[in-house]
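Trainee: One structure coming up, written as structure tokens, with questions to follow.
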Amino acid sequence: MSRVQVPYINLPLQHRPLKPQLLAAVERVLDHGQFILGPEVSAFEERFAAYCETQYAIGVDNGTSALFLVLRALGIGPGDEVITPPNSFLASASCIALVGARPVFVDVRDDFNIDPGLLEDAITPRTRAIIPVHLTGRPADMHPILEIAQRHGIHVVEDCAQAVGARYHDQRVGSFGVAGCFSLHPLKTLNAVGDGGVITTNDSALYEMLRKARNHGLRNRDECEFWSHNCRLDTIQAAMLLVKMDYLDQWAEARRAIAAFYRKFLRDVVAQVPEDKSHEYAVYHTFIIQAERRDELQDYLLEEGVETKVHYPIPIHLQDAARSLGYGPGSFPVAERQTQRILSLPVYPELMDAQRDWVVYTIKRFHKPIR
Ligand SMILES: *Cc1c(COP(=O)(O)O)cnc(C)c1O
């Protein structure tokens with residue numbers, strides 16, 4: 001077994017083979033000059049909606065705006081509550097606070113996704129929506145979530161930031177709720193070369209509203225219907241995304257193959273590896289193991305050239321920003337325990353066999369020192 005460096009992510013490597021196509025796309029945009037809401041934006045929206053099997057898609061400037069705009073378009077604001085898990089990237093909750101509503105957290109299961117069994121207890125007369133997060137690229141348990149939401153007359157807004165292409169019972173994420181919100185940040189599985197986001201929906205009224213909401217509330221060039229932000233997706237980013245969409249499925253397959261390899265060789269070594277169910281098609285934005293002595297393991301791996309991350313070291317309800325919500329240590333025992341044990345391994349399509357082998361070898365050696 002030979003020692004190799006394994007960076008957590010390697011974007012230059014992803015872009016090297018795509019460079020001729022990406023540069024040609026940049027050149028086309030420079031030549032036509034329609035940098036704001038140019039033809040590539042609508043082409044990307046059409047392509048993305050078709051990919052997610054939804055009627056509509058609306059390109060926006062990032063994933064946080066996607067969530068914020070949808071909540072606001074649904075009329076959610078002060079006095080309202082919205083349910084979300086506490087172990088996500090903080091934007092899953094900040095979007096709720098930013099529209100003036102109250103984030104209400106519900107604990108997760110060992111798949112890192114919101115526990116539908118705990119939802120009913122968190123629903124009050126003020127609850128307007130649930131934001132399940134398809135964390136790590138694995139779909140949340142949508143059937144019970146949708147059933148409960150329907151029974152209580154509340155919206156489901158999917159946070160798909162980590163899960164483009166994931167399926168649940170053969171249906172794409174982003175097509176279950178009233179809207180799906182995606183991030184196209186460079187570290188997400190479909191990535192712009194900068195910030196970007198996109199919203200999917202099958203609701204034509206919501207679609208019309210969101211098209212205006214991302215562009216100052218403008219109905220057309222001159223007439224403003226309501227105050228809103230500028231949350232547009234750049235034409236040049238849409239052009240990059242159109243190139244990358246061709247590779248999306250093969251990238252997901254590559255991530256799944258690495259995940260399967262890790263699972264096979266680490267299942268009996270660490271405390272837990274992700275084991276997705278037969279009705280789930282997970283796209284492995286992250287591959288998160290759980291390990292005792294996580295910090296020691298992480299340090300050891302780094303010494304051996306393997307870079308890992310923790311997604312996320314501080315649950316949202318324990319952030320300073322969340323203090324006024326009244327949660328504390330112990331509020332969400334499953335998520336909090338996971339925080340101590342989770343470790344994200346490198347899982348990008350460009351990862352080479354020798355690197356993947358080295359990751360497994362070093363993790364095994366940490367647990368069973370070879371003399
Ligand atoms: C990345 C991410 C977001 C926010 O997306 P940005 O494009 O960075 O604003 C929201 N939710 C989750 C789960 C994310 O991973």
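The numbers here are math on the coordinates, done by the rules we state, and not lab data. Keep in mind that this is a model prediction, so the values were computed, not measured. Cβ sites come from the backbone with ideal geometry, for glycine too, and all protein chains shown count toward neighbours.
Trainee: Report, ordered by chain and residue number, the lysines lying within cross-link reach of Lys368, taken as a straight Cα distance under 19 Å and ignoring same-chain residues fewer than 8 apart.
Mentor: Within the straight-line cut-off, Lys368 pairs with Lys264.
Trainee: So, one more: When we measure straight from the Cα of Lys309, which aspartates and glutamates land under 19 angstrom away, once same-chain ones fewer than 8 places off are left out?
Mentor: Asp110, Asp111, Glu292, Asp295, Glu296, Asp299, Glu336, Glu350, Asp357
Trainee: Expressed in nm², what is the orientationally averaged projection area of the convex hull enclosing the Cα positions of the stretch 269-336?
Mentor: Convex hull of Cα atoms, orientation-averaged projection: 6.9 nm².
Trainee: A further question on this structure: Per 0.36 nm of contour for each residue apart, how much would the distance between Ser331 and Ser42 grow if the chain were fully extended, relative to their Cα-Cα spacing? Write down the numbers at each step before the final one.
Mentor: Details: separation 289, 0.36 × 289 = 104.04 nm, distance 4.39 nm.
Taking 0.36 nm per residue and subtracting the Cα distance, the gain is 99.6 nm.
Trainee: Using unit Cβ charges (K, R positive; D, E negative) and no other charged atoms, how large, in debye to the nearest 20, is the dipole of the chain about its Cα centre?
Mentor: Roughly 580 debye, rounded to the nearest 20.
Trainee: Further, regarding this structure: For an R0 of 22 angstrom, estimate the FRET efficiency from the Cβ-Cβ distance between Arg151 and His279 and round to the nearest 0.05.
Mentor: 0.50
Trainee: Mind telling me which of Asn113, Asn230, Asn202 comes out most flexible in a GNM of the chain, alpha-carbon contacts under 10 Å?
Mentor: Asn230
Trainee: Remind me, relative contact order of the chain in percent, using alpha carbon pairs under 8 angstrom and six or more residues apart?
Mentor: Relative contact order for the chain comes out at 23 percent.
Trainee: Here's a follow-up. Given the pairs Lys19/Lys364; Lys277/Lys364; Lys19/Lys277; Lys212/Lys244, which are separated by over 30 angstrom at their Cα positions?
Mentor: As for pairs spanning more than 30 Å Cα to Cα, those are Lys19/Lys364; Lys19/Lys277.
Trainee: Here's a follow-up. For the stretch 13-245, state what percent of all Cα-Cα pairs lands in each successive 10 Å bin, counting from 0 Å until the bin that includes the largest distance.
Mentor: Reading the bins upward from 0: 8, 34, 35, 17, 5, 0.
Trainee: So if each residue of separation counts as 0.36 nm, and I subtract the Cα-Cα distance between Asp299 and Gln272, what length gain in nm does that give?
Mentor: 7.8 nm
Trainee: Under the √(5λ) rule applied to the eigenvalues of the Cα gyration tensor, what semi-axes describe the equivalent ellipsoid of the stretch 220-288? Give them in Å, descending.
Mentor: 41, 16, 10
Trainee: Could I ask something else about it? Between Asp222, Asp61, Asp246, which gets the highest mean-square fluctuation from a Gaussian network model of the chain, Cα cutoff 10 Å?
Mentor: Evaluated over the chain, the most mobile residue of the options is Asp222.
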